[in-house]
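Here is the structure we will look at.
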Amino acid sequence: MPPPVSSNDPSSKTANATWGGRFAEGPSAIMGAINASIGFDRKMWRQDIRGSLAHAAMLAHVGVISADDEVAIRDGLAAIAAEIEAGRFEFSDALEDIHMNIEARLTERIGEAGKRLHTGRSRNDQVALDVRLWVRDAIDGLSGQIRDVMRAMADRAAEHAGTVMPGFTHLQPAQPVTFGHHMLAYVEMLSRDLSRFADCRARMNESPLGAAALAGTGFPIDRHMTAKALGFDGPMRNSLDAVASRDFAAEFLFACAMCGTHLSRLAEEIVIWTNPYFGFVKLSDRFTTGSSIMPQKRNPDAAELVRGKTGRLHGALHGMLTVIKGLALTYFKDMQEDKEGVFDAAETLTLCLAAMAGMVRDMQPEVGRLATAAGAGYSTATDLADWLVRSLKMPFRDAHHVTGALVAKAEGRNLDLAGLTIGEMQAVEPRITEDVFNVLSVAASVRSRTSFGGTAPDNVTRMAAEWQEKLA
């Protein structure tokens, strides 16, 4: 079946006025359906109007259009913006995209002056500009949200700097850490995401406007003027590159995918931690759901959905790279497919960040359960090996062997290491003294990890405070 076509699509007998006199007949209904992008690129209406205002001001400045025309264009675009904001603007599939929808309405409102707006530019550089502006705005919004999640995590880190919990490798008990230290690990990850978005924004902050279709224009335009007006560092240096390149969008999508991956890792931990077999944290009703049949259930659906939605972010990145990988210079209609993935990724990550900020602030660590679990699985065995090295000057590999033998002995008797008697320990290594028991507790273990970046509570308190100050 052919795809559904809106009633205002061009019929096969009607020429599309935006294409001029070259086409005597308009597109078929199917062509109209596959060609129109107004259903999704209308999201860029603010950016399109911003670009047109800057372009019109420049055209008037260099004398390509009159000052009166520029005033009419400015007033007309302001009125159109008000119409769109109020929901009164009638978008037309027949006009294909946001650019032609706005231009057609402008001409309808102000007449001949509206037709002069497109002088010295093409839809090719116009759409390249709009997407850059949209992505730049999205980066600014997402960066603020990332900082908010980081603030929430830093606050929880400060609150739980000394709350011990098990640290894992292979999801097996490894060494005790603190809950605050765990939170700060994600602060560091998100800080790199924040940096990636900032790098992406800096790299993409050049204006394609004025590259026209692909070769520039013979009109005496001032590309530096429009670039400055739109907050760019300057114009792009090559007109072909300006209209052909979407690497900035791919880089944006990678930053989204990587940030989503970090959120997904914490979401997975929240799913594990809220399982009653772990019982490490609790989430309130605000971020959990029940079951239609099992009244006891409390499902961490917000975390599960953050984890699941990361797949959409990965898919958007792969889709973008696939679209652009085979395109010769310069513009192809394939590039119309650059937008939906970008829009969806930004909206998806926006929701995931909001959900994660809420969950981090909402979740309540079960301090007693965490402390009990922190001592399970002989988690202080490394502390014992380190004590043998420090106190008995034993080579670490020998200390590792002795500790393994002691763990086996304790395991055989269903004891923890501190449950062994000094005599039982000395049967394995005669030089062991009573001092060894000072390092076998979980609290002593975390206190000893004072190396930079370690889990010692004083370290965590200091680092949490540093992040709180940075993020204030």
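Considering all different alpha carbon pairs of the chain, the Kirkwood hydrodynamic radius works out to 26.6 Å.
Give me the distance between the Cα centres of the range 142-194 and the range 421-462, rounded to whole Å. So the two Cα centres are separated by 23 Å.
For K393, the lysines whose Cα comes closer than 26 Å to its Cα, not counting residues fewer than 8 places off in the same chain, are K409. Taking one quarter of the surface of the C-alpha convex hull of the range 167-282 gives a mean projected area of 10.4 nm².
Computing Rg and the Kirkwood Rh from the Cα coordinates of the range 266-357 gives a ratio, Rg/Rh, of 1.19. Quick one: Debye curve from the C-alpha atoms of the range 323-472, no solvent, what's log10 I(q)/I(0) at q = 0.19, 0.21 Å⁻¹? Debye intensities relative to I(0), on a log10 scale: -1.17, -1.29. Using C-alpha pairs under 8 Å with a sequence gap of at least 6, the mean separation divided by the residue count of the range 258-374 gives a relative contact order of 35 percent. For the range 242-251, 3J(HN,Hα) computed residue by residue from phi via the Karplus equation (6.51, -1.76, 1.60; θ = phi - 60°) reads 4, 8, 8, 8, 10, 4, 4, 6, 5, 5 Hz, glycine and proline entered as x.
What number results when the radius of gyration of the range 382-459, computed over Cα atoms, is divided by 2.2 N^0.38 Å?
1.11
Using the alpha-carbon positions of the range 308-405, Rg (one decimal) and Dmax (whole number) come out as 26.3, 73 Å.
Each residue of the range 94-107 is assigned a 3J(HN,Hα), and the resulting list reads 4, 8, 6, 9, 5, 5, 6, 4, 5, 5, 5, 5, 4, 5 Hz, derived from the Karplus form 6.51 cos²θ - 1.76 cosθ + 1.60 (θ = phi - 60°), x at Gly and Pro.
For the chain, relative contact order (Cα pairs under 8 Å, six or more residues apart, normalised by length) works out to 16 percent. The Cα center of the range 356-418 and the Cα center of the range 114-130 differ in position by 66 Å. With all protein chains kept in place, the per residue accessible area of the chain amounts to 47 square angstrom at a probe of 1.4 angstrom. Only helical runs count toward this figure. For the chain, summing -39,500 (n - 2.57) over DSSP H runs of n ≥ 4 and dividing by all residues gives -19500 deg cm²/dmol at 222 nm.
Pairs spanning more than 26 Å between alpha-carbon atoms, out of K43/K115; K282/K309; K309/K470: K309/K470.
Across the chain, the longest piece that holds none of the GluC sites (Glu not before Pro) lying in DSSP loops with up to 13 other C-beta atoms within 10 Å covers 91-472.
Taken about its Cα centre, the chain carries a charge dipole of roughly 520 debye when the Cβ of each Lys and Arg holds +1 and the Cβ of each Asp and Glu holds -1.
Roughly to the nearest percent, how much of the accessible area of the chain is carbon and sulfur, given a 1.4 Å probe? About 54 percent, which is the carbon plus sulfur part of the accessible surface. Quick one: in the range 178-237, what % of C-alpha pairs are over 15 Å apart? Counting every Cα pair in the range 178-237, those more than 15 Å apart make up 63 percent. Only one residue of I65, L133, I102 has its Cα farthest out toward the positive end of the dipole of the range 41-158, where Lys and Arg carry +1 and Asp and Glu -1 on Cβ, and that residue is L133.
The values are calculated or read from the model by the stated rules, or taken from the named source; none is laboratory data. Keep in mind that this is a model prediction, so the values were computed, not measured. Methodologically, a virtual Cβ is constructed for each residue, glycine included, from the backbone with ideal geometry; neighbour enumeration extends over all protein chains shown. Areas reflect the complete protein model, heavy atoms only, side chains present, ligands, DNA and RNA absent. Shrake-Rupley method; radii C 1.70, N 1.55, O 1.52, S 1.80 Å.
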